Amino acid sequence: MTILAAIPLCKQTPPLPSFLLNSGVEDGREGRDGKPSVGLVYRNLLAKQGYPPPDPEMSTTWTLFSSSVEKYPGNRMLGWRKFVDDKVGPYIWKTYKEVYDEVLHVGSALRASGVEPGCRVGIYGANCPQWVMAMEASGAHSLVCVPLYDTLVG
């Protein structure tokens, strides 16, 4: 069975809450000539006039990640919550440096299994810190990350 979601036209869509730091920068358009409608375009208020040009030194996800580790080693990067007595507990955090160290171990394990740069690596699982670390480990060794989500159904 195929289920289609109905998306209201932009004029009927309520604005996003202001705490998201978003601003509408382009009005939506109704569909014409067989083309679908387009909703209101939002942009972060810090980039209201456009985004800064990309840094030429940041050419891969690995350079972006490792640069962030150098700049912010003690900052929180990945957080999750454990269930305690069927209730959601407080967040548990890993810093950039802690994540980096685990990423190096995961990447080494991938390479030790015989995976070479350029190979595809399927990562199956729910969105969680371990999934992100496996993805970063793929980037560290020039592996192609193929997301295989646990919500896939046959």
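Listed by first and then second residue, the pairs with beta-carbon distance under 9 Å, at least 6 apart or on different chains, first residue in the range 137-151 and part of a loop (DSSP other than H, G, I, E, B), second surrounded by fewer than 12 Cβ atoms within 10 Å (Cβ to Cβ) and of a type in the set (A, V, I, L, M), are Asp150/Ala126; Thr151/Ala126.
Which residues, counting only those in the range 118-134, are under 18 Å from Leu64 (Cα atoms) and free of Cβ contacts under 8 Å to residues at least 40 places away in the same chain? Matches in the range 118-134: Trp131, Ala134.
Checking each residue in the range 100-136 for being part of a strand (DSSP E or B) and among the aromatic types (Phe, Trp, Tyr) picks out only Tyr124. Residues of the range 56-78 that are of a type in the set (Val, Ile, Thr) and in contact with a Lys or Arg (Cβ under 9 Å, 6 or more places away or on another chain): Val69 alone.
Conditions tested, residue by residue: (1) out of contact with any helix residue (DSSP H, G or I) (no Cβ under 6 Å at 6 or more places or on another chain); (2) surrounded by 12 or more Cβ atoms within 10 Å (Cβ to Cβ).
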{"residue": "Arg29", "(1), (2)": "yes, yes"}
{"residue": "Tyr51", "(1), (2)": "yes, no"}
{"residue": "Lys71", "(1), (2)": "yes, no"}
{"residue": "Asn75", "(1), (2)": "no, yes"}
{"residue": "Asp86", "(1), (2)": "yes, no"}
{"residue": "Tyr96", "(1), (2)": "no, yes"}
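Residues in the range 47-86 that are touching a strand residue (DSSP E or B) at 6+ places or on another chain (Cβ under 8 Å) and part of a strand (DSSP E or B): 8 in all.
We did not get these values from a lab; they are worked out from the coordinates using the rules stated. This one's a predicted model, so the numbers in the text were calculated from it and none came from an experiment. Every residue, glycine as well, gets a Cβ built from its backbone with ideal geometry; the counts of neighbours run over all protein chains shown.
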